[in-house]
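The values are calculated or read from the model by the stated rules, or taken from the named source; none is laboratory data. Quick caveat, the model's predicted, so the values are computed rather than measured. Cβ atoms come from the backbone with ideal geometry, glycine included; neighbour counts cover every protein chain shown. Side chains are part of the model used for accessible areas, which takes the heavy atoms of the whole protein and leaves out ligands, DNA and RNA. Shrake-Rupley method; radii C 1.70, N 1.55, O 1.52, S 1.80 Å.
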Amino acid sequence: MKYFLLAMCFLTAFISHAHADTMYISDIREITMRTGRGLDHKIIALLKSGQQVDLIESGKDWSKVSLGTGNEGWVLSRYLSSEIPDSLTLKNLQEKHAGLQSRASVLASENTELKQANKTLIDDLSKIGKELDQTRTDYEALKKESAQFLELKSEHEQTTIQLSEQSQKVETYESELIKLKLSRNIKWFLTGAGDLLAGFIIGVSSKRRRSSSLL
């Protein structure tokens with residue numbers, strides 16, 4: 001029976017704690033939390049303004065609360081409020097404001113970095129654009145020079161072919177000229193030899209005639 005009563009008390013306390021309302025210490029500096037109802041009970045904790053507690057049992061003068069650490073005790077009911085105290089709201093707003101300022105500072109720094117990066121990108125883009133224009137100009141010049149080179153190459157090849165043909169013609173003419181000169185030399189030689197032979201024959205005939213007349 002004893003264990004049953006203890007279990008029921010524990011279960012009741014657990015259920016009460018599970019359904020406890022959230023309360024706040026009102027805007028005063030500190031209040032005391034005691035072991036029982038009344039100022040004659042022992043102080044077990046000092047609660048600051050804005051501190052959050054769980055309401056276990058509400059009373060007209062005294063209320064039982066539980067701290068986040070699990071400690072339980074009694075406080076004066078008039079110091080409890082279901083609304084967030086102004087001091088805590090102000091503190092939260094100040095923390096949010098500080099957080100926003102910090103975030104704004106970070107964003108400003110990031111914005112400066114982004115602006116610098118954007119400027120660098122614009123400069124790089126301008127540089128790349130100029131290099132692209134120069135590349136196009138060089139390409140057109142090379143294309144033109146290539147066309148001229150191909151034209152000169154074609155002319156050179158045609159000239160080479162013509163020179164080769166002319167060389168062949170010259171060689172043919174030289175060969176024919178040599179043959180012609182040789183033929184003329186032979187004719188001249190034969191003509192001269194004929195003349196000499198004819199002169200020799202005439203001379204011999206004359207001598208013979210003279211010799212016959214003397215006899």
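Ligands, DNA and RNA aside, Asp86 has an accessible area near 110 Å² when probed at 1.4 Å. Taking the alpha carbon gyration tensor of the stretch 125-203, multiplying each eigenvalue by 5 and rooting it gives semi-axes of 74, 7, 4 Å, largest first.
For the stretch 89-171, the spherically averaged projection of the C-alpha convex hull amounts to 8.0 nm². For the peptides 72-80, 30-38, the ranking by packing is 72-80, 30-38, with the highest mean count of neighbouring Cβ atoms within 10 Å listed first.
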